[in-house]
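Step one of this worksheet: look at the structure below.
Where a number appears in this text, it was derived from the coordinates with a stated rule and is not lab data. If you're wondering where the values come from, they're calculated on a predicted model, not measured in any experiment. Every residue, glycine among them, receives a Cβ derived from its backbone with ideal geometry; neighbour counts consider all protein chains shown.
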Amino acid sequence: MLTLLSRRLSRHLPGSARRFVNRTDGNITLEFVLYVPLLLGMFTAIYTFFDAFRQESINMKAAYTVSDLISRETNYVNEDYIDSMYALAQELVRGDSTLSTRISVIRWDEADERYYVDWSKVRGSAYDEWADGTINAVKDNLPAVPDQERVILVETWNEVQPAFDVGIPMFDLENFVFTRPRFAPQVVFLEDKGNGNNHNDNAEKVSPPA
């Protein structure tokens, strides 16, 4: 390519300059110096965009994994269990990113036409625990369920730093997934005293099996 350009330019140059321009020694080195940075920049940008989409997929899978595991529980869960789910999610996403989770069990009340919160637990700094007075802010994002049915809601927030600096700022990945309990009518959270968010059920009165 450089040879073609030099031939066109040489037509308008005096003799000595024309001979210098028409010389071809060093063309390969010059083209290498010009094109390699461009190619490396292009490959870096492609990888950075690919990694961003990959992280989005990984975060979604992590949220569904946690939600699925909780939905299979037939025993009580507690703070240690929530810690383990948070640790699992951290293992699944990129280690150098900041992760927050919010795990909640919510119930639909047909008479009141609203959701209530059985319990809600947060890990990380991005979320506050859901309460009866706040959960209906995301009512439109929640599924339609029969009266008194419960749904496990898992939310994740992950701040991701792009793999390379190609003009993309740090970005947030948020997931909002829900699953119905599979083998039990509800997933009970066990703590020292009953969860005040439970409504019209005996979840807070149940003692762990001996």
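Qualifying GluC sites (Glu not before Pro) in region 83-150, where qualification requires a DSSP coil assignment and no more than 13 other C-beta atoms within 10 Å, comprise Glu110, Glu113.
At a threshold of 8 angstrom on Cα-Cα distance, excluding pairs fewer than six apart, so keeping six or more, what relative contact order does region 27-205 reach in percent? RCO, region 27-205: 28 percent.
Would you please classify the overall shape of region 27-205 from the alpha carbon gyration tensor, given that a ≥ b ≥ c denote the square roots of the eigenvalues, rounded means a/c under 1.5, and beyond that prolate means a/b larger than b/c while oblate covers the rest?
prolate
Computed from the C-beta positions of Ile46 and Thr134 and an R0 of 45 Å, the FRET efficiency is 0.60 to the nearest 0.05. The mean sequence distance of close C-alpha pairs (under 8 Å, at least 6 residues apart), as a share of the length of region 85-139, puts its relative contact order at 30 percent.
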